[in-house]
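Values quoted throughout were computed directly from the atomic coordinates according to the rules given, and no laboratory measurement underlies them. Everything numeric in this text was worked out from a predicted model, so none of it was measured. FYI the Cβ positions are ideal-geometry reconstructions off the backbone, even for glycines, and counts take in every protein chain you see.
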Amino acid sequence: MIDKECCKRSEEKRVENCMVCGTSLEYLETAVSVICNYCGKEETGYVRCPNGHYVCDECHGKGAFDLISDIALKTSDKDPMIIAELLMAHPKVPMLGCEHGLIATASLLASLKNDGTLGISNEQIIEAMKRTQKQSMPPYCALTGVCGVAIGIGAAFSVILGAACPKDRESAITMHAVARTIDTIANDVGPMCCKSFVRTALGVGYNIAKEYLNVDLPIHREKISCFYSKRHPHGCRENKCLYFPKTTKELKSW
């Protein structure tokens, strides 16, 4: 049963755990019938609050698309890591969630647009974000092994190359980009962390852009010192993570 009084007390969506009350969520192996607290839509879902709350994908990400695209289209930075860190630090972006797939797409394409070599347009950034949004849905990263962040990198290269089913090299490069991203971020699991995935995926995106498109972006992963550790609902990997705060001597260059 939905805790209606708890809903009334919640003036805005939380960005950790349950968006309604902040309680740690339950991750289910099989889907159950649920009703969204915000729009009332009934559907089946794999993630719910033990207090009976549920937020559908549409309500969960409401406003994120416009927020991310607005910042991505206005930034003049050429380093995708810096753009991503700016987006992930926004108070309306949750600690975990498929909004990070949009961040990966927007950060990579915005940096390539600002580089100028490929002539990336704002329209292409929006198109790639729309493609990402269609497939990046919670909690399918764990249920299928295909993380929305990897989808975001694939969507970016698909738009750049004009990939489509009848095409050869363009589609192959796009698939290689997704496969390499998935393979690389798999090393960051234990537990999963969307913010870590974005950073690692952008490193792969940088390599793909350099290898196939002859674009060498300025990228500085060594400057990142993550401050989200205490916000991770499943427990931060801490020293196992490349981005966990380290002393200056311990930092490794890209």
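Which FRET efficiency value, to the nearest 0.05, do you get for T23 and A89 by plugging their Cβ-Cβ distance into 1/(1 + (r/R0)^6) with R0 = 22 Å? Don't jump to the answer; show the numbers that get you there.
Numbers: r = 24 Å, r/R0 = 1.10.
Step by step, r from the Cβ atoms, then E = 0.35.
Could you give the size of the charge dipole of the chain about its Cα centre, using +1 on the Cβ of each K and R and -1 on the Cβ of each D and E, expressed in debye and rounded to the nearest 20? Present the calculation step by step, with values, prior to reporting the outcome.
On the way: 30 positive and 29 negative charges, 97 e Å.
About 460 debye.
What is the extension gain from E42 to T117, computed as 0.36 nm multiplied by their sequence separation minus the C-alpha to C-alpha distance, in nm to one decimal?
Numbers: separation 75, 0.36 × 75 = 27.00 nm, distance 4.69 nm.
Here the answer is 22.3 nm.
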Eligible aspartates and glutamates near K78 by straight Cα distance, threshold 14 Å, same-chain separation 8 or greater: D115, D216
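At a Förster radius of 41 Å, what calculated FRET efficiency corresponds to the Cβ-Cβ distance of E211 and S33, to the nearest 0.05?
Numbers: r = 47 Å, r/R0 = 1.14.
Calculated value: 0.30.
Using the beta-carbon distance between E16 and D183 and R0 = 35 Å, what value does 1/(1 + (r/R0)^6) give for FRET efficiency, to the nearest 0.05? All intermediate terms of the calculation are to be shown ahead of the outcome.
Working: r = 29 Å, r/R0 = 0.82.
Approximately 0.75, to the nearest 0.05.
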Cross-link pairs K74/K223; K130/K246; K62/K230; K62/K246; K92/K210 - those with Cα-Cα distance over 31 Å: K130/K246; K62/K246; K92/K210
Helix axis angle, 194-213 relative to the chain longest principal axis, alpha carbon, degrees: 20 degrees
Structure-derived mean projected area of the Cα convex hull in nm² - corresponding label in (1) 12.6; (2) 14.0; (3) 15.8: (2)
About the Cα centre, charge dipole magnitude for region 184-226 (Lys/Arg +1, Asp/Glu -1 at Cβ), debye: 140 debye
Region 22-85 and region 185-228: distance between their alpha carbon centers, rounded to Å: 22 Å
Rounded to 10°, Cα long-axis angle of helix 64-74 versus longest principal axis of the chain: 30 degrees
